[in-house]
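Just below is one structure, and these are the notes that go with it.
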Amino acid sequence: MTSNNSNNTNKNLLRTQIRALRRAVPAIEQESTAKQLDDTALNQDHFTLGNHIALYMDADGEAGTRYLLNALLDAGKTCYLPVLVESTTTLEFRQYLPDKPLITNFFGLLEPERSAKTIKAENLTTVFVPLVAFDAKGNRLGMGKGYYDRTFAFVRGNIAAGPVLIGLGHECQRVEKLEAASWDVPLGGIITGQQFYLAG
């Protein structure tokens, strides 16, 4: 029990430190990273995007997705955004349409309104995942709520069972090593403004 408490304390401390670094990324670098994510994600040989792709609307200094989202739509992909439903502990994915307004959820994040078309997590082909910290092996530290890990638990131990999960971040979010918990779902790779890290 003491060990678990210590691990949680260490993760919370790291979370606080990296979130501060993430927020401190200058606007010009944020813009550059967002453009580079678009280019790297669409021009790589490490995974197949497929046609049903989930992204997130960036907040709190997260790596920006607007260029990637627009490029995917221009390429004819169907894009979805994660939705937090108060009565559940998993994510729902609703289709993003440029001409439809987004609403603000209870965490202050933007998401499609309730009438938007939904897709099962199992039917997504690629999911671009936000992160607080990552290591080069594909371990991810999120915000601590566990939404992505619970939603994609079916991928754990059977990568072929679902979509490829690709983390998006800034280079300053990379750490040498993250201790993976038994419930953590590993990423297939991580894209930053400088590099593609193929996990494993």
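The values are calculated or read from the model by the stated rules, or taken from the named source; none is laboratory data. Since the model is a prediction, treat every value here as computed from it, not as a measurement. Please note: Cβ atoms are built from the backbone with ideal geometry, for glycine as well, and neighbour counts cover all protein chains shown. Protein only, heavy atoms only, side chains kept; ligands, DNA and RNA dropped before computing areas. Shrake-Rupley method; radii C 1.70, N 1.55, O 1.52, S 1.80 Å.
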Test: residue in the stretch 34-56 that is surrounded by 12 or more Cβ atoms within 10 Å (Cβ to Cβ), charged (D, E, K, R), closer than 23 Å to Lys120 by Cβ and more than 15 Å from the chain's Cα centre (by Cα): no
Conditions (1) under 25 Å from Phe93 (Cα atoms); (2) in contact with a helix residue (DSSP H, G or I) (Cβ under 9 Å, 6 or more places away or on another chain): number failed by Glu171: (1)
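Conditions (1) in contact with a Gly (Cβ under 7 Å, 6 or more places away or on another chain); (2) surrounded by fewer than 22 Cβ atoms within 10 Å (Cβ to Cβ); (3) of a type outside the set (Ser, Thr, Tyr), marked per residue:
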{"position": "Val127", "(1), (2), (3)": "no, no, yes"}
{"position": "Leu131", "(1), (2), (3)": "yes, no, yes"}
{"position": "Gly138", "(1), (2), (3)": "yes, no, yes"}
{"position": "Tyr147", "(1), (2), (3)": "no, yes, no"}
{"position": "Ala161", "(1), (2), (3)": "no, yes, yes"}
{"position": "Ala180", "(1), (2), (3)": "no, yes, yes"}
{"position": "Gln194", "(1), (2), (3)": "no, yes, yes"}
Test: residue in the stretch 127-134 that is assigned to a loop (DSSP other than H, G, I, E, B) and of a type in the set (Gly, Ala, Ser): no
Hits in the stretch 141-178 (condition: in a strand (DSSP E or B) and either among the aliphatic types (A, V, I, L, M) or at pLDDT below 95 (or both)): Leu141, Val164, Leu165, Ile166, Leu168
Pairs where the first residue, in the stretch 45-68, is under 12 Å from Leu168 (Cβ atoms) and in contact (Cβ under 8 Å) with a residue 24 or more places away in the chain and the second is in a loop (DSSP other than H, G, I, E, B) and open to solvent by 60 Å² or more (accessible area, probe 1.4 Å), C-beta under 6 Å, 6+ apart: Gly64/Asp58; Thr65/Asp58
Identity of the residue in the stretch 69-110, open to solvent by less than 60 Å² (accessible area, probe 1.4 Å), farther than 19 Å from Asn123 by Cα and touching a residue at least 40 places away in the same chain (Cβ under 8 Å), that ends up farthest from the chain's Cα centre (by Cα): Leu102
Filter pass, Asn12 being within 20 Å of Gly138 (Cα to Cα), open to solvent by 40 Å² or more (accessible area, probe 1.4 Å), in a helix (DSSP H, G or I) and modelled with pLDDT under 95: yes
